[in-house]
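One structure below.
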Amino acid sequence: INQINILKINLGKNNSTIKKGKFYAQLSYPQPYINSKQIKEVREKFKIHEKDTGSPEYQIAALSVRIAYMTSHVKKNPKDFSSTRGLIAMVSARKKLLKYLRSQ
């Protein structure tokens, strides 16, 4: 195995570029990994206290990120009926939580 000299590794938010001589390889993270990172960021932003996992604001924020990801997935895969069903269930759950927040 030849020793590979990497001249520069530039890590971006969603992808990285590796340069070796005149060879450029574009590496990107898988979409589910990016989605899980986004969900963690949103949960950190909207939690009310340290051990908060059940507040409506927290759940709505997490559901909104998951819905955005699943919407793009269903657009790419229109025949994926189980994902479509899950998306509808998430939208329904978020709708109920928003209704609850409005009543408070």
Selection count where residues are of a type outside the set (Lys, Arg), in contact with a Lys or Arg (Cβ under 9 Å, 6 or more places away or on another chain) and either modelled with pLDDT under 80 or open to solvent by 80 Å² or more (accessible area, probe 1.4 Å) (or both), scope segment 15-37:
4
Quick check, is Lys45 within 15 Å of the chain's Cα centre (by Cα), within 22 Å of Arg102 (Cα to Cα) and at pLDDT 85 or above?
yes
Determine the pairs where a residue that is touching a residue at least 40 places away in the same chain (Cβ under 8 Å) and over 16 Å from Ile67 (Cβ atoms), located within segment 93-104, has a partner that is surrounded by 10 or more Cβ atoms within 10 Å (Cβ to Cβ) and of a type outside the set (Asp, Glu) with Cβ atoms under 6 Å apart, the partner being 6 or more residues away or on another chain.
Tyr100/Pro56; Leu101/Pro56
Here is a list: Ile60, Ile67. Which entry is closer than 21 Å to Pro30 by Cβ and within 19 Å of the chain's Cα centre (by Cα)?
Ile67
Of all residues in segment 24-80 being of a type in the set (S, T, N, Q) and not in a helix (DSSP H, G or I), the one that is nearest to Ala93 (Cα to Cα):
Ser55
Qualifying residue in segment 51-66 (condition: in contact with an Asp or Glu (Cβ under 9 Å, 6 or more places away or on another chain) and either at negative phi or open to solvent by 100 Å² or more (accessible area, probe 1.4 Å) (or both))
yes
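The values are calculated or read from the model by the stated rules, or taken from the named source; none is laboratory data. Here the structure is a predicted model, which is why all the values come from computation and not from measurement. Note: ideal-geometry Cβ built from the backbone for every residue, glycine included; neighbour counts use all protein chains shown. Protein only, heavy atoms only, side chains kept; ligands, DNA and RNA dropped before computing areas. Shrake-Rupley method; radii C 1.70, N 1.55, O 1.52, S 1.80 Å.
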